[in-house]
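Working notes, beginning with the structure itself.
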Amino acid sequence: METDITVHTGYAPLRFQREIHAGLKRFSVLVCHRRFGKTVLCVNALIDAAHRDGQPAQRLAYVAPTLVQAKRVAWDYLKRYALAVPGAKANETGLCVDFENGARISFYGADQPDSLRGIYLDGAVLDEYADFRPEAYSMVIRPALSDRRGFAVFIGTPRGHNHFHQLYQNALRDPAWYAARFPASATGLIPGEELESARSQMSQAQFRQEYECDFDVTGEDCLIPLACVLDAVGRNVGYRHSGLVMGLDVGLSLGGDPSAIVVRQGGKVLHVEEFRLDDSLAVAGRARECFELMRPEALYVDSVGWGAGAAHILSGWGLPAVAVNVAEAAASSERFNRRRDELWWKAREFFASRTAAIDDTVPLAHKLAAELSAPRYAYLPSGRIKVEGKDELKRRGVPSPNLADAFVLTMAHADRFQAAEETCNHAEGIEPSRFL
C-alpha cells in the first residue's frame, strides 16, 4: 500500500514516520516505543487512504482496545488533521469523520466487536494491538476487509509473548507483509536525559518493554530474544579475515518442509536462502552451486532423515561436507540433552556476544531473525537443557525454523577456531567476533 500524503493536513512526518509511510503494505506490523508519534501517524495514514483513487465510498476504521480509549487517545488528533481537508465534517456522537468524496473514518473498540459486524472495510488501523482480544480481528475485522481487499496496520508496544508477538514474528517471515520495530535507543526521538529519567523511575523490565520494544522481558523461557537478533541485523563487525562456513538443513517439498542454506563468515551471516526440491540429489546439487559460488571451508549437513543422503552425495563429489547428527548425545552431555540443544545454545551465545551480525541486504534476514527467536527451552529433571523441537513448535502453531536450523548447523564449526579469537580482524580495526 502506497502511503505518500496526498492531501494537506498540516502533518509533517518525521524521519521514521516517513520510513513507515514509504514501507507500508497491505498488512503491516509496527512495534513502536512510547511517545513515538504512532497515533498521529495512524490517523494521517487513514486520511491519506481516504483520498486515494480506488473504491467509492471508502470505509476506514481506527480500532483501539476500547471505544473510550480510541476517543481519548486519537479523536482530537483525527479532528485536528482531517478537518483541515476542505468539506470534511466530524460527527461527535458517531465518532466518525466524513469527507466530500464519500469516504468515512470511524472509531471502534475491539471490546465490542459486534459493532463491526456486517460492514465492509477498505482499511483499518489496530492501535495497541497487544491489548486486543485476538478474536476481534480474526472473526470480525479480517472478514470485513475481504470484500474490497482492505489493508490493516497493527501497531503498538510489546506485552510479552502474546498474539502481538506472534503476529510480528509471522510478519517478519512473510515478504508480503511490512514489519518494523522502533526502540527509543534507535530513533533518538526522546532526549537522552528524558530516557535516563524514565529508566531511573521504572523497573528494568518495564523500561525495556515500553521504550526498547522488547517482547522478551516476560519470556523467561525464550532461548534467543528477538530483540537480540534484530539488533544484529546490519551491525558492523569484523569478519573478512575469517573463513566461510555453510549450514544445510534438508527438507523435501513433497508434503514436507523446504530446504535451507545459511553461509556465515566469522561473526557475520552473509547468505540465507530457502528452496523446495524433490530429492536428495537435487538438494545436494543446489548446495554445490552455492558452495562453488561462495567457497566455504566446510559444509555442515543435518544427517538426520533425508539429510544423510545429501551429505553422502556432497562428500562423494569431493566437497568438505560434514554430517551432523543433531539427535546424538551432546559433547557436553552433562549439560545438554542432545547435540541439537547444544548447537542452539551456541547460537544463543553467538547473538548474546553482541559481536554477531546479519547482513541487512540479505532478503530473508528478518525471517531468519524470527525463526531464531521462536524456540523455547526448559530444564529437564536431570538438569540438562532441552530446546523445543520442530514438532513441539508446530503444535503451538509456529512454522518449522528451517533457516534457523541451517544457521545453527554452522555452530558446529565454532569450536575449531576459538584459539584464533585474539588475532581475528585487527586489520579492520573492529572488535573481532568470537565465532570464527
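The values are calculated or read from the model by the stated rules, or taken from the named source; none is laboratory data. Here the structure is a predicted model, which is why all the values come from computation and not from measurement. Counting neighbours? That spans all protein chains shown, and the Cβs are built from the backbone with ideal geometry, glycine included.
Out of the residues in region 272-313 that are of a type in the set (Val, Ile, Thr) and out of contact with any Phe, Trp or Tyr (no Cβ under 9 Å at 6 or more places or on another chain), state the one that is farthest from Ala412 (Cα to Cα).
Filtering region 272-313 for residues of a type in the set (Val, Ile, Thr) gives 272, 283, 301, 304, 313.
Restricting the remaining residues to those that are out of contact with any Phe, Trp or Tyr (no Cβ under 9 Å at 6 or more places or on another chain) gives 301, 304, 313.
Values: Val301: 10, Val304: 15, Ile313: 20 Å.
Here the residue is Ile313.
Based on what the data block shows, is Arg72 out of contact with any strand residue (DSSP E or B) (no Cβ under 6 Å at 6 or more places or on another chain), closer than 24 Å to Glu210 by Cβ and part of a loop (DSSP other than H, G, I, E, B)? Give the steps one after another, and end with the answer.
Details: out of contact with any strand residue (DSSP E or B) (no Cβ under 6 Å at 6 or more places or on another chain): yes; closer than 24 Å to Glu210 by Cβ: yes; part of a loop (DSSP other than H, G, I, E, B): no.
The answer is no for Arg72.
For Val283, state whether it is in a helix (DSSP H, G or I) and either in contact with a helix residue (DSSP H, G or I) (Cβ under 7 Å, 6 or more places away or on another chain) or not assigned by TED's automatic domain parsing to the domain that holds Ala412 (or both). Break it down stepwise before answering.
On the way: in a helix (DSSP H, G or I): yes; either in contact with a helix residue (DSSP H, G or I) (Cβ under 7 Å, 6 or more places away or on another chain) or not assigned by TED's automatic domain parsing to the domain that holds Ala412 (or both): yes.
Considered against the rule, which asks whether it is in a helix (DSSP H, G or I) and either in contact with a helix residue (DSSP H, G or I) (Cβ under 7 Å, 6 or more places away or on another chain) or not assigned by TED's automatic domain parsing to the domain that holds Ala412 (or both), Val283 comes out as yes.
Out of contact with any Cys (no Cβ under 8 Å at 6 or more places or on another chain), in contact (Cβ under 8 Å) with a residue 12 or more places away in the chain and not assigned by TED's automatic domain parsing to the domain that holds Ser185: which single residue out of Gly23, Gly54, Gly10 fits that description? So that I can check it myself, show each step before the final result.
On the way: Gly23 fails: not assigned by TED's automatic domain parsing to the domain that holds Ser185; Gly54 fails: not assigned by TED's automatic domain parsing to the domain that holds Ser185.
Among Gly23, Gly54, Gly10, only Gly10 is out of contact with any Cys (no Cβ under 8 Å at 6 or more places or on another chain), in contact (Cβ under 8 Å) with a residue 12 or more places away in the chain and not assigned by TED's automatic domain parsing to the domain that holds Ser185.
Quick check: anything in region 12-29 closer than 29 Å to Asp174 by Cβ, under 22 Å from the mean Cα position of the chain (by Cα), assigned to a strand (DSSP E or B) and aromatic (Phe, Trp, Tyr)? Working first, answer last.
Of the residues in region 12-29, the ones closer than 29 Å to Asp174 by Cβ are 13-29.
Next cut, under 22 Å from the mean Cα position of the chain (by Cα) only: 15-29.
Then keep just the ones that are assigned to a strand (DSSP E or B); that gives 27-29.
With the extra rule that they be aromatic (Phe, Trp, Tyr), the set shrinks to 27.
Yes, some residue in region 12-29 is closer than 29 Å to Asp174 by Cβ, under 22 Å from the mean Cα position of the chain (by Cα), assigned to a strand (DSSP E or B) and aromatic (Phe, Trp, Tyr).
Could you list all residues from region 333-358 that are in a loop (DSSP other than H, G, I, E, B) and either crowded, with 17+ Cβ neighbours inside 10 Å or on the phi > 0 side of the Ramachandran plot (or both)?
Pass one, region 333-358, residues in a loop (DSSP other than H, G, I, E, B): 333-335, 337-338, 353-356.
Across region 333-358, the qualifying residues are Asn337, Arg338, Arg354, Thr355, Ala356.
For region 267-280, does any single residue satisfy the condition of being within 17 Å of Leu368 (Cβ to Cβ), assigned to a loop (DSSP other than H, G, I, E, B) and not polar (S, T, N, Q)?
Taking region 267-280 first, the residues within 17 Å of Leu368 (Cβ to Cβ) are 267-275.
When the remaining residues are screened for being assigned to a loop (DSSP other than H, G, I, E, B), the result is 267.
From what is left, the residues that are not polar (S, T, N, Q) are 267.
Yes, region 267-280 contains a residue that is within 17 Å of Leu368 (Cβ to Cβ), assigned to a loop (DSSP other than H, G, I, E, B) and not polar (S, T, N, Q).
Out of the helices (runs of 4 or more DSSP H) lying entirely within region 149-228, which hold 2 or more residues that are among the aromatic types (Phe, Trp, Tyr)?
On the way: elements: 163-173, 184-187, 192-201, 204-210.
In region 149-228, the matching helices (runs of 4 or more DSSP H) lie at 163-173.
To keep it simple, each residue is scored yes or no on (1) in the same structural domain as Leu343 (by TED's automatic domain parsing); (2) at pLDDT 85 or above; (3) crowded, with 18+ Cβ neighbours inside 10 Å.
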site	(1), (2), (3)
Ser200	no, yes, no
Glu210	no, yes, yes
Phe215	no, yes, yes
Met246	yes, yes, yes
Asp249	yes, yes, yes
Gly256	yes, no, no
His271	yes, yes, yes
